[in-house]
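Shown next, in structure tokens, is the structure this report addresses.
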Amino acid sequence: MFSISVTPTPIPLHNHHPLHRRQKLFHWKRPLNFFVQSSTSLQEEIKEKSSPDDYMESGELLKSRKGGLVEFLPPIKAAKRVVLVRHGQSTWNAEGRIQGSSNFSILTQKGEAQAETSRQMLIDDSFDVCFSSPLIRSKRTAEIIWNTREEEIITEHDLREIDLYSFQGLLKHEGKAKYGSAYHQWQTDAPNFNIDGHFPVRELWERARNCWNKILTHDSRSILVVAHNAVNQALVATAIGLGTEYFRVLLQSNCGVSVLDFTPQPEGSSPNICVNRLNQTPSSPIAASSSGGRKTSTRVILVCHGISESDSEGSVPYSGDGPMNMLGIIQAQKTAELLLDLKLNAIVSSPKMSSVETANTISRVQEAADCLGADCIPRYVEMKQIADLDIESILKKSKKDTIGSQSYQPGWLNRSEDEVTTELWNQSGNAWRQVLDVLSQGSEQENVVVAVGHPAIHIAMLGQCLNLTKEWLGSFHLDAGSISVIDFPDGSAGRGVIRCINYTAHLGRWSIPITRSSPEDEEF
């Protein structure tokens with residue numbers, strides 16, 4: 001559950017200032033041939049793509065376009081934080097109906113409770129404005145979260161859920177029976193899914209880009225956006241420059257919260273973007289779940305080690321050289337308790353002391369979990385150290401100043417030299433392959449591998465999982481003691497799906513707040 005309205009214990013030299021820098025991403029080769037009208041008339045028309053490059057749909061295209069800049073985002077003059085929330089459970093969610101942009105479902109009692117949990121979590125945030133989808137289920141969620149705030153709620157039509165045309169209102173088994181191959185394509189190849197002459201995911205991506213223009217040009221610094229599963233996925237993906245093939249890869253659960261930080265650039269270009277949190281849910285992030293409608297029991301959980309005694313010495317950010325201090329010990333214990341209900345196949349860790357201590361804490365709790373009775377035998381959990389998970393020697397090669405509060409800002413890795421990030425990226429590829437190798441050796445019924453290490457190696461392995469390049473190292477942020485969950489609905493050899501990034505609610509009063517108001521910064 002979320003930690004609610006609790007002031008965290010101060011952490012020395014641990015200022016999570018939201019300003020950040022990131023390296024340039026990719027530019028569009030030419031304007032998109034997209035002309036989308038209001039969905040209410042069902043008259044949208046999409047022109048044929050003139051070349052595959054018109055849409056950034058594949059990881060290969062992303063990797064081949066290294067060095068450009070995503071220019072569709074408008075320039076900003078001050079740092080902005082955008083908090084995305086998906087609506088609570090709806091009646092059609094509960095019934096298993098395909099909702100799309102239809103407006104016939106309302107929040108269930110569970111959905112109202114989820115929205116109330118999100119309200120409590122965000123109760124101390126001083127939002128300047130709220131943007132909401134016009135659909136009933138999202139508007140009601142926004143009203144519950146917004147509560148007595150006097151600032152306005154702006155209803156934005158482009159924030160409606162993905163338009164699914166003839167699919168809308170059907171139970172999932174009805175869609176499969178009635179539309180056969182089209183339904184199969186919707187499940188397995190959504191970017192190219194075509195129904196009633198439309199490509200819904202492509203239309204959604206264009207709509208998300210339009211939304212960012214409206215959201216970022218609004219005269220506000222802290223913005224709440226309440227919308228839907230698919231459109232929130234598209235908002236996150238388009239913000240950091242990912243194409244339509246990333247649909248269903250960055251999950252958004254009911255009332256899941258995602259946080260994006262936008263930082264202005266002096267030259268007036270598109271802002272730098274960092275995903276500070278992804279899909280912080282009212283329920284546990286490790287609860288039994290499905291990804292894209294498919295049940296999954298195969299997953300990797302990335303655990304950032306707890307704060308160490310050497311962290312305050314300023315050697316490298318989040319140093320794990322020394323033993324954990326009291327805060328780090330608490331963080332490790334809280335993480336072990338969160339993972340208590342899972343039966344872990346293996347725990348791998350960096351050989352650094354803080355990572356090993358965190359891994360040992362998780363292991364001890366795991367082994368004790370099945371041995372509460374007098375005759376129980378402790379369950380063995382495989383432990384393994386992976387040298388490639390240790391990247392602190394790489395970070396120490398940086399000649400730039402990495403000491404002080406700026407070390408902990410989102411996007412801090414972009415302050416390192418290209419040689420440092422290149423070496424980090426290459427080593428993370430080796431580490432990720434070794435983690436997947438351990439995962440492949442587990443059982444098919446319940447296969448969970450925990451990897452413990454420095455936040456930087458986990459950021460890089462998230463990029464490896466998503467088939468990105470080192471230019472994305474500044475696009476994600478992780479805090480000490482956080483967890484990130486990657487599901488593999490098609491098994492360890494399949495594609496990874498990101499369930500959550502930088503989850504810290506399990507740390508309670510010792511966590512970094514999920515959101516915080518942006519400090520004053522220099523205006524460009």
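The values are calculated or read from the model by the stated rules, or taken from the named source; none is laboratory data. All of these numbers come straight from a predicted model, not from anything done at the bench. Note that each Cβ is placed from the backbone with ideal geometry, even for glycine, and that neighbours are counted across all protein chains shown. Quick note on the areas: whole protein, heavy atoms, side chains included, nothing else; ligands and nucleic acids left out. Shrake-Rupley method; radii C 1.70, N 1.55, O 1.52, S 1.80 Å.
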What's the local net charge at residue 179, with K and R +1, D and E -1, over the other residues with C-beta under 13 Å away?
+1
Accessible surface ranking that places the most exposed of 318, 165 first, with a 1.4 angstrom probe:
165, 318
What figure in square angstrom, to the nearest 10, would you give for the accessible area of residue 212 with a 1.4 Å probe?
0
Please work out the average accessible area per residue across the range 200-313, using the 1.4 Å probe convention, and give it in Å².
22
Probe 1.4 Å, all protein chains in place: accessible area of residue 458 in Å², nearest 10?
0
Where 143, 245 fall by accessible area, highest first, once all protein chains stay in place (1.4 Å)
143, 245
Point-to-point label distance, residue 265-residue 124, nm (Cα→Cβ direction, 7 Å offset):
3.5
Please list 295, 397, 176, 214 from largest to smallest accessible area, probe radius 1.4 Å, with all protein chains kept in place.
295, 176, 397, 214
Taking 0.36 nm per residue of separation and subtracting the Cα-Cα distance, what length does fully extending residue 154 through residue 443 add?
99.1 nm
The FRET efficiency for residue 384 and residue 184, from their Cβ-Cβ distance with R0 = 30 Å and rounded to 0.05, is 0.15
So if R0 is 41 Å, what FRET efficiency would residue 104 and residue 321 give, r being the distance between their Cβ atoms, rounded to the nearest 0.05?
0.10
Tally Lys and Arg at +1 and Asp and Glu at -1 over the other residues with C-beta under 12 Å from the C-beta of residue 102: what net charge comes out?
+1
Pop a pseudo-label 7 angstrom from the Cα along the beta-carbon direction at both residue 295 and residue 426 and give the gap in nm to one decimal.
4.4
Here is the link list: 172/334; 178/214; 110/178; 80/470; 77/397; 110/139. Which ones come out longer than 27 Å on Cα distance?
172/334; 178/214; 110/178; 77/397
Hey, any idea what % of the range 117-232's accessible area is carbon plus sulfur with a 1.4 Å probe?
45
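By the scheme Lys and Arg +1, Asp and Glu -1, what is the net charge of all other residues having a beta-carbon under 14 Å from that of residue 441?
On the way: positive: 384, 433; negative: 382, 437, 444, 446.
Summing Lys/Arg as +1 and Asp/Glu as -1 gives -2.
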For residue 288 and residue 398, what does the FRET efficiency come to when R0 = 41 Å and r is the distance between their Cβ atoms, rounded to the nearest 0.05?
0.45
Out of all Cα-Cα pairs in the range 82-189, roughly what percent, to the nearest whole number, are more than 22 Å apart?
39
Roughly speaking, to the nearest percent, how much of the range 238-311's 1.4 Å accessible area is carbon and sulfur?
49
